[in-house]
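Q: I'd like to ask you about the structure that follows.
The values are calculated or read from the model by the stated rules, or taken from the named source; none is laboratory data. Owing to the predicted nature of the structure, the values given are computational and were not obtained by experimental measurement. In this analysis, Cβ positions are derived from the backbone assuming ideal geometry, glycine residues included, and neighbour counts consider all displayed protein chains.
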Amino acid sequence: MAFKRVLRVQLLLGVALLAAALAAFACGGDDEEVQPTAPPSGATSVRVVLDEWSVTPNVSSVPAGRVTFEAVNEGAAPHELVVLKTDLPADGLIMQTDGGKVDEEASAEMMWEIEEFPAGRAESATYELSRGKYVLFCNISGHYKLGMFVGFQVQ
Ligand SMILES: [Cu+2]
């Protein structure tokens, strides 16, 4: 009985070690930490939390000029961050005909994008933004309709 128990513990330990090894392997070669690089000097920094189903910047407006967006995916699914300059209301962007995604070209005066990235990661990018109204949103199919958008101002 005791022997069987020891064997079982060893087996579990083996499985755990294998899982750890696989996890290490999966991350190998791409060990970017969640910490993004510091914004370029003179840029205003905006931290934007992406989650199911919300887009939450830490400020609702910034001065015109260089703006570094740090997008943090706190959700369980991959997300992206589209920064779109438009006079349309945040909840009234023009949809593609199938209704799943925002028609970026039709909705935008200008746009920038941090491409889709996985849960638990952060990505940052710096854009030169002029005064106006913006919408920050995720344009993975269905996510905008589920609430992944917010209005944003550049003053
Ligand atoms: Cu999304």
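Q: Can you list the strands (runs of 3 or more DSSP E) found entirely within segment 46-103 that contain at least 1 residues being basic (Lys, Arg)?
A: In segment 46-103, 65-73, 79-85 are the strands (runs of 3 or more DSSP E) which contain 1 or more residues that are basic (Lys, Arg).
Q: Which condition does residue 60 not pass, out of (1) surrounded by 15 or more Cβ atoms within 10 Å (Cβ to Cβ); (2) touching a Gly at 6+ places or on another chain (Cβ under 8 Å); (3) closer than 13 Å to residue 152 by Cβ, if it passes all the others?
A: Every listed condition holds for residue 60 apart from (1).
Q: Let me ask another. Within segment 96-116, work out how many residues are among the aliphatic types (A, V, I, L, M), within 12 Å of residue 137 (Cβ to Cβ) and more than 14 Å from the chain's Cα centre (by Cα).
A: The total comes to 3.
Q: Any residue in segment 44-58 that's within 14 Å of residue 123 (Cβ to Cβ): show its pairings with residues that are modelled with pLDDT under 95 and away from the ligand (no atom under 16 Å from the Cβ) at Cβ separation under 9 Å, as long as the two are six or more apart or on different chains.
A: Every condition considered, the pairs that remain are 45/38; 45/39.
Q: Can you pull out every residue in segment 68-83 that is over 9 Å from the mean Cα position of the chain (by Cα), surrounded by fewer than 19 Cβ atoms within 10 Å (Cβ to Cβ) and more than 10 Å from the ligand (Cβ to nearest atom)?
A: Correct list: 76 only.
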